[in-house]
Amino acid sequence: METTALQLLPVKNNLIGSNHVIDTHAEVIETRRVQSPVTTEIRRTPFVEANTKDVTIHHLTNECVVPVFSKDNEITISHSNFIETVWNAAHNFFQGESISEPDIRVSHVIKGRIPEAIHKSVNQLLETDKTIYYERMAFCFEIPTIYEDIEGNRLNLSIGGVRAYNHENLYSKKSAEKFKVFIGFKNLVCCNLCVSTDGYKTEIKAMSTTDLFKTVMELFQLYNPARHLHLLNSFKDASLTEHQFAQLIGKSKLYQCLPPKDKKLLPSMEFTDTHINAVAKSYYNDDNFSIGEQADSISLWNVYNLFTGANKNSYIDNLLDRSLNATELVHGINKALHGDNQYRWFIE
């Protein structure tokens with residue numbers, strides 16, 4: 001398909017329900033842009049897998065109840081309203097670009113009954129007697145007209161978010177609610193998420209969808225995709241020997257057992273033993289990012305994707321934090337290969 005250089009110049013947008021105007025003019029960047037969206041969809045693996053299932057926006061809107069703050073019965077921002085707010089912000093900021101439908105994953109279902117069914121036995125319950133909502137929800141949608149290619153892997157610009165009611169105090173009066181939103185890239189080979197520091201809001205506190213919309217627009221303005229892609233591209237130009245990779249795996253396991261005073265001296269490592277075991281297994285067996293039969297080293301691009309691939313087995317509420325940690329870890333190791341001391345412990 002024909003491609004052209006894209007100059008991405010976000011426009012000024014008026015916030016819905018507010019007179020405040022955000023100047024979203026950002027640095028001109030160049031990436032690739034397809035003239036029309038891809039029409040053939042290939043069924044991909046989910047962007048997060050552990051303990052989750054796929055649902056539709058219709059299901060969240062019409063078949064799920066919305067929790068309230070118990071002391072004043074004020075309603076929370078629903079999962080569907082969260083998704084729609086970020087979706088609307090993306091359409092406002094990236095005007096003229098193709099935006100895909102969101103992939104939605106949920107976990108930790110909370111079941112209930114309507115008042116009329118309180119005294120029914122379980123085997124007498126009708127579907128109309130039941131209520132549900134999901135404690136945790138993650139979504140992601142792509143902008144396939146903005147992409148880059150790294151080592152034969154297509155990366156589409158992607159936007160998504162996480163909502164976890166277990167991080168809210170629903171037993172109190174209404175207060176600011178917490179959300180996580182990112183803008184980054186998704187590797188279409190494996191649907192791994194690539195998250196950077198300036199493209200991730202680890203905690204957005206919002207009282208309304210108007211507050212949420214405003215903060216998401218600010219995140220889009222601050223994100224620098226050119227810098228993010230430059231960082232990801234640098235991973236393919238560095239590599240680890242088998243000895244260094246073995247050190248990384250072993251030190252990552254030791255990290256969990258370090259005394260607190262020693263752990264404070266090292267950069268954060270948020271991957272658990274389960275994740276590290278998955279990385280080690282994929283080092284030999286992954287279809288796309290393993291070391292290969294004839295190789296004596298593995299590129300940091302492959303190492304990065306082994307970590308982001310293992311992260312897909314995280315619970316929803318930890319997914320984006322570990323995605324960012326994978327970027328910081330591999331970037332730090334890359335610097336350690338060139339003499340920096342901060343991450344040297346992990347590979348020596």
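The values are calculated or read from the model by the stated rules, or taken from the named source; none is laboratory data. Just so it is clear, the structure is predicted and the values come from calculations on it, not from any experiment. Methodologically, a virtual Cβ is constructed for each residue, glycine included, from the backbone with ideal geometry; neighbour enumeration extends over all protein chains shown.
Quick notes on this structure:
- For the range 68-83, a tally of residues being touching a residue at least 24 places away in the same chain (Cβ under 8 Å), within 24 Å of Val216 (Cα to Cα) and surrounded by fewer than 16 Cβ atoms within 10 Å (Cβ to Cβ) returns 2.
- Where Ser158 falls short, out of the listed (1) buried (at least 22 other Cβ atoms within 10 Å of the Cβ); (2) among the hydroxyl-bearing types (Ser, Thr, Tyr); (3) farther than 21 Å from Asn305 by Cβ: (3)
- Residue in the range 194-208 that is farther than 30 Å from Phe82 by Cβ, surrounded by fewer than 19 Cβ atoms within 10 Å (Cβ to Cβ) and touching a residue at least 12 places away in the same chain (Cβ under 8 Å) present: no
- Some residue of the range 331-341 being crowded, with 23+ Cβ neighbours inside 10 Å, assigned to a helix (DSSP H, G or I) and modelled with pLDDT of 95 or more: yes
- One residue stands out among those in the range 248-302 that are of a type in the set (S, T, N, Q) and closer than 18 Å to Cys190 by Cα: the one that is surrounded by the most Cβ atoms within 10 Å (Cβ to Cβ), which is Asn302.
Residue-by-condition table, conditions (1) outside the structural domain of Val216 (by TED's automatic domain parsing); (2) in contact (Cβ under 8 Å) with a residue 24 or more places away in the chain; (3) of a type in the set (Ser, Thr, Tyr); (4) part of a strand (DSSP E or B):
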{"position": "Asn123", "(1), (2), (3), (4)": "no, no, no, no"}
{"position": "Thr128", "(1), (2), (3), (4)": "no, no, yes, no"}
{"position": "Ile132", "(1), (2), (3), (4)": "no, yes, no, yes"}
{"position": "Glu148", "(1), (2), (3), (4)": "no, yes, no, yes"}
{"position": "Leu155", "(1), (2), (3), (4)": "no, yes, no, yes"}
{"position": "Ile159", "(1), (2), (3), (4)": "no, yes, no, yes"}
{"position": "Asn166", "(1), (2), (3), (4)": "no, yes, no, no"}
{"position": "Lys180", "(1), (2), (3), (4)": "no, yes, no, yes"}
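- Exclusive hit being surrounded by 13 or more Cβ atoms within 10 Å (Cβ to Cβ), modelled with pLDDT of 95 or more and over 23 Å from Asn224 (Cα atoms), set Cys140, Cys64: Cys64
- Some residue of the range 184-200 being under 30 Å from Leu306 (Cβ atoms) and among the acidic types (Asp, Glu): yes
- Selection count where residues are part of a loop (DSSP other than H, G, I, E, B) and under 30 Å from Leu219 (Cβ atoms), scope the range 89-121: 9
- Of the criteria (1) touching a Phe, Trp or Tyr at 6+ places or on another chain (Cβ under 7 Å); (2) buried (at least 20 other Cβ atoms within 10 Å of the Cβ), which one Ser172 fails: (2)
- Selection status of Ser208, within 22 Å of His331 (Cβ to Cβ) and of a type outside the set (A, V, I, L, M, F, W, C): no
- In the range 245-329, counting only helices (runs of 4 or more DSSP H) that sit wholly within it, the ones holding 1 or more residues that are under 25 Å from Ser107 (Cβ atoms) and either touching an Asp or Glu at 6+ places or on another chain (Cβ under 8 Å) or of a type in the set (A, V, I, L, M) (or both) span 273-285, 300-310.
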